[in-house]
1. Across the range B:580-628, what is the number of residues that are in a strand (DSSP E or B) and open to solvent by 60 Å² or more (accessible area, probe 1.4 Å)?
2. Quick one: how many residues across the range B:188-217 are closer than 30 Å to residue B:271 by Cβ and open to solvent by 30 Å² or more (accessible area, probe 1.4 Å)?
3. Hey, any hits in the range B:458-474 for a residue that's touching a helix residue (DSSP H, G or I) at 6+ places or on another chain (Cβ under 9 Å), open to solvent by 10 Å² or more (accessible area, probe 1.4 Å) and either in a strand (DSSP E or B) or aromatic (Phe, Trp, Tyr) (or both)?
4. Report whether or not residue B:531 is of a type in the set (Phe, Trp, Tyr) and in a strand (DSSP E or B).
5. If you scan the range B:691-706, which residues turn out to be in contact with a helix residue (DSSP H, G or I) (Cβ under 6 Å, 6 or more places away or on another chain) and part of a loop (DSSP other than H, G, I, E, B)?
6. Has the range A:103-122 got any residue that is more than 8 Å from chain B (Cβ to nearest Cβ), out of contact with any His (no Cβ under 8 Å at 6 or more places or on another chain), part of a loop (DSSP other than H, G, I, E, B) and not hydroxyl-bearing (Ser, Thr, Tyr)?
7. Select, from B:370, B:366, the only residue that is at negative phi and touching a helix residue (DSSP H, G or I) at 6+ places or on another chain (Cβ under 7 Å).
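The values are calculated or read from the model by the stated rules, or taken from the named source; none is laboratory data. Only a predicted model underlies this, so the values are computations on that prediction, with no experimental measurement involved. Here Cβ is always computed from backbone atoms with ideal geometry, including for glycine, and neighbour counts include all displayed protein chains. For accessibility, only protein heavy atoms count, side chains too; no ligands or nucleic acids. Shrake-Rupley method; radii C 1.70, N 1.55, O 1.52, S 1.80 Å.
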Amino acid sequence: MAISLPMQLTVNGRLHRVAEPQGTLLDLLRDDLALTGTKLVCDRGECGACTVLLDGRTVYACLTLAAACDGTTITTVEGLGGVDGSMNDLQQAFITHDAAQCGFCTPGQLIAAHDLLVRHAAPSESEIVAAMSGNLCRCGTYPKIVRAIQAVAAARHESSATSATPGVPRGA
Amino acid sequence: MARKAKPKAGGFVPTTVEVEGRTETRIVEVPAFEPEPWTTDTPLHIVGARVPRMDAHEKVNGRARYTADITRPGMLHAVIVRAHTARGHIAQFDASAARALPGVYDIMGPGDAPAKTRLFGTEIFYHDQPVAAVCADTLANAERAARAIAISYNHLPFAAIFDDAAAPDAPLVKPGGNFAPQSPVIIERGEIAAGLAAADIVITREFRTPVQLHSALEPHGACAEWEGDRLTVWESTQGIFRTRGDVARALDIPQSKVRVIKDYMGGGFGAKNGAGPHTYVAALFAKRMNRAVRCLNDREAEQVDSGNRPATVQRVTIGAKKNGTLTVIQLSADVPLGISGWEGGPAQIYHELYACPNVRSEERFAYINASGMQAFRGPGYVEGAFGLEGAMNALATALRMDPLALRRKNFTKKDPRQGRPYSGNALLACYTEGAERFGWNTSRAAQTGRVSRGVGLAAQVWPTGGGPPSYAHVRINADASVDVLAGTQDLGTGARTVLSQIAAEALGANLSHVRAIIGDTEHLPYAGNSWGSMTTPSVGPAVRMAAMDAQSQLFQAAAAMLDTTPDMLDARDSRLTVRNTDRSMSFADVCKRLGNVMIYGKGSRGPNPANTAINTFGVQFAEVEVHLDTGIVKVLRIVAAHDAGRIINPTLAESQLEGGILQGMGYALTEERILDRRLGMVMNPSLHDYKIPTMADVPQIDAFFVAGADAAANHTGARGIAEPPVIPTAPAIAAAVADAIGAEVLQIPLTPWRVLASVPARR
């Protein structure tokens, strides 16, 4: 049985109308909206590569029915920085600390890390590890990802007195 | 400008190149000039700098396009149907129901693919062998149709493990016999009997290693599109030119009609060295339907049938004098290759890591009815290190000798196989600095409650000279921006960045003006596969030479503008200066005056130095914690000291070390493909059931490089580093576990059950 209904959702700050969402949120993002930053790896919620924000909470897009996303607000890796490709502080830290090797898991890592830093402004190393251990990386970039997250947390803490809510993605 | 005359320039000479333990002789052109080597003392500004990965921006903002992200107008989707028997024949094949389903464009089954693709025969040799393929408008429709194809089989007896294939009454695994053509492979030096007689202590052990799966997060995949008789293939591959050759050969078309493109790639680790069934399926459907077609492995296909590190059984006899001097090393190994593969066994490292006059290895390579092996990061050496280093640690215990002292005692100053001098070898410095940073001399096993700690170490050697042929071009554009063109590929290793650094350094350009253009067979000069830790030492020298050639032309052009001669010019940061004057000119101003005159430098990789062994060395130290009641092993820290000659970019190289260590840790603790002997099926084809390390498993890692430039290896002074770090990790961890539980460890992965079974009863 195919679910057939027109629905609306906001992705990275932009409103989209989707006629017949039949598959998963990941299909919708990658195939219908051409947002290929979010990756398909395991297709069953084991690896975290397809992690996106749904109404501010992380979900696996491969396990989320598109039809269940009517009226929701989605943020993908493409929405973390500016429309022009400019980067937020977390993305910049991933570059500075070489937290992406092949880069295939990176979009999911970034969304998971973003979510962690929203929930914990100053996470301990064990909190980082607990929050990020659902995101697999075969290149073994983990130590660098930890460092990048720690650096962002420290920098945000430092600048919190002078700067307003850094790193908030469009539509989040 | 640093050049040294080469009398033979322009001619062709033979040279030897070592690829993953196999030595090949190649006939190569001698470059027009051979640059003076960059030595440790050469002042370099960009090479050696911790430059951020130059393609990281696209990776963190989601714009990087991987093969799995490629779409073309009107693109169709293909799905491969796989066999449900480990051995037999297709009795009936009925695709009529599948053809009638909505969105289905085409189906290929038995007999429908050209013979040279070796696809879709009626005889089945392993479970999950491709037997058919479906092409549809959407992936979902293709998958639905694939499930609707009805296939029945006449089942035949099969062999899914080495012993079943090697048994006297074994079923025929495939035509031609159950053993690989070269099997048994025997390599020996000296006399084993003399070595045994000379030994004061001899020990014998049997080691077992599992099948490890590459598990790259981006699956194998291709998108194919024809324009007339010309085919373009986007492929996630470690070798664009090899893929081009495979496709041209299989489809019987000229290489000039095939273009292979690879931009970003989500890991390879050795499994993506050429075209595969997905490539041919995409290309064939694209031809038949006159539409672009994409074919990607799903995760299950990726885990069951895209290559693996084969299992080994290694029976090792090792003997030494009381003072630790090795007198004999003997290996007898069994390796089940799967249905295909090459003789990449564990023996090489037994012959290469230590000075020992009497060494003999005999490797038996059997085919079994299972998916074929492929090279996996450090192939053979990773497996062999577990046996050799395990035996060395057992020997050290038997000798009551410090395992590090035993290794120092048997350090070899020359390549022990052929007696060649090394281009460079800082293994002793690795031992010293690694031991110091680890605190080896003060680390002792200790038990707190039911948790026991232990330490261990293992060493590593790996051929990393790289070699020709490899070409590069460096083009200076009219605005002084610089293109580096090389037909290589970046797997996530950092090749784009490293080659840009070399070009910027050699040209005297500002790095931000330099861009490496790679991964396209149609527009780029040849480079070989990115395997065998070869890209930096193979392509790097060609890039440097091309940049020097471009610089030479730029100097010629600018000399008149600056009222001087080319030999009086220096370049740095995209600015020319006349030596001993204050006259200078930016590259941009020179290029502006030149207009569209193109400065186009060419470079090629020269022959390897004759009679020289080029290797990367290293040692890793591990500290683990073992819970004696649960058998759970936690790796606390790894100290890794490696000598890879000059490091072009320390940040990226450290990432390679950390990544290798973590893959080695997975091999030691959790990674094992489970193949059911009775069904011939892989029982854990998912990332849930096949466990790769997560962030929660990561120990404290202190990974670093020892030594400086290796000017004798090639003129950049850099050797390879991708594979060496994965080699010693598992034996180091196993040694630490053995230290913690007070019993030897002979088999990996060290699952809790295996550890519990090894813990002595008294503990």
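1. Step one: of the range B:580-628, the residues in a strand (DSSP E or B) are B:584-586, B:599-604, B:613, B:615-627.
Remaining after also requiring open to solvent by 60 Å² or more (accessible area, probe 1.4 Å): B:600, B:602, B:627.
Here the count works out to 3.
2. Residues of the range B:188-217 closer than 30 Å to residue B:271 by Cβ: B:206-217.
Checking the rest, the ones that are also open to solvent by 30 Å² or more (accessible area, probe 1.4 Å) come to B:206, B:208.
Residues that pass the stated criteria total 2.
3. yes
4. On the way: of a type in the set (Phe, Trp, Tyr): yes; in a strand (DSSP E or B): no.
When the stated conditions are applied, residue B:531 does not pass them.
5. Within the range B:691-706, B:692, B:693, B:698, B:706 meet the criteria.
6. First, the residues of the range A:103-122 that are more than 8 Å from chain B (Cβ to nearest Cβ): A:108-109, A:111-122.
Still in the running and out of contact with any His (no Cβ under 8 Å at 6 or more places or on another chain): A:108-109, A:111-120.
The next check asks that each one be part of a loop (DSSP other than H, G, I, E, B); those that pass are A:120.
Adding the requirement that they be not hydroxyl-bearing (Ser, Thr, Tyr) leaves A:120.
Yes, the conditions are met somewhere in the range A:103-122.
7. Values: B:370 fails: touching a helix residue (DSSP H, G or I) at 6+ places or on another chain (Cβ under 7 Å).
Sole residue among the options that is at negative phi and touching a helix residue (DSSP H, G or I) at 6+ places or on another chain (Cβ under 7 Å): B:366.
Residues checked against (1) assigned to a strand (DSSP E or B); (2) within 14 Å of chain A (Cβ to nearest Cβ); (3) small (Gly, Ala, Ser); (4) surrounded by fewer than 24 Cβ atoms within 10 Å (Cβ to Cβ):
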{"position": "B:233", "(1), (2), (3), (4)": "yes, no, no, no"}
{"position": "B:238", "(1), (2), (3), (4)": "no, yes, no, no"}
{"position": "B:243", "(1), (2), (3), (4)": "no, no, no, no"}
{"position": "B:250", "(1), (2), (3), (4)": "no, no, yes, yes"}
{"position": "B:260", "(1), (2), (3), (4)": "yes, no, no, no"}
